[in-house]
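Contents: one structure, followed by commentary.
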Amino acid sequence: MQGPLALAALILASSTLAAQASEKLVYRLDSVTAVAVPGGIQIQVQGAVRSGGWGNPRLKISQVEARTVVVEFLAQAPHPGTVVIQGLLPVSAQVTVKSGSGVTSVRVEADANTVTAQVQR
């Protein structure tokens, strides 16, 4: 009886790991917009991933420099071995970050490129 139970536990554990997709930088950035709003900066980003199966695109602040907020454009990558469509597919994300009036630019990083946008006031 331990054999089938052990096998069931192994299958459950591997399916749980498969459900936890790894988060990686999006392939490329196409546009970045940064607009001052009350109490912060609204950042909107458009880019592309290399295949289907990517999910939950988001922007994550990686650091704040003297006058620049540095943001990573991330998404959950498809699980290795998953059958996905091959080709560049659009993705977008936006976030509003709290920031003082001293921040003048936003730098967004992707896998293939980095784009810096001036904060529009």
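Extension gain V84-A112, at 0.36 nm per residue separation less the Cα-Cα distance, in nm?
8.0 nm
Derived scalar couplings between HN and Hα for the range 58-63 equal 7, 10, 10, 5, 9, 6 Hz in order, rounded to whole Hz, by the Karplus curve 6.51 cos²θ - 1.76 cosθ + 1.60 (θ = phi - 60°), x for Gly and Pro.
Restricting the range 15-105 to trypsin sites (Lys or Arg not before Pro) that sit in a DSSP loop and have at most 15 other Cβ atoms within 10 Å of their own Cβ leaves R67.
First check a/c for the range 21-118, with a ≥ b ≥ c the square roots of the eigenvalues of its C-alpha gyration tensor; if it is under 1.5, answer rounded, and if not, answer prolate when a/b is larger than b/c or oblate otherwise.
Working: a/c = 2.57, a/b = 2.39, b/c = 1.07.
Taking the square roots of the gyration eigenvalues as a ≥ b ≥ c, the range 21-118 is prolate.
By the count of neighbouring beta-carbon atoms within 10 Å, fewest first, S62, S22, S105 end up ordered S22, S62, S105.
The residues S51, S99, S31, when put in order of fewest to most other Cβ atoms within 10 Å, stand as S31, S51, S99. The GluC sites (Glu not before Pro) of the range 63-121 meeting both criteria, a DSSP state outside H, G, I, E and B (loop) and at most 12 other C-beta atoms within 10 angstrom of the site's C-beta, are E65.
Each value in this text was obtained by applying a stated rule to the coordinates, not by laboratory testing. No experiment lies behind these values; they were computed from the predicted model shown. No Cβ is skipped: glycine too gets one built from the backbone with ideal geometry, and neighbour counts run over all protein chains shown.
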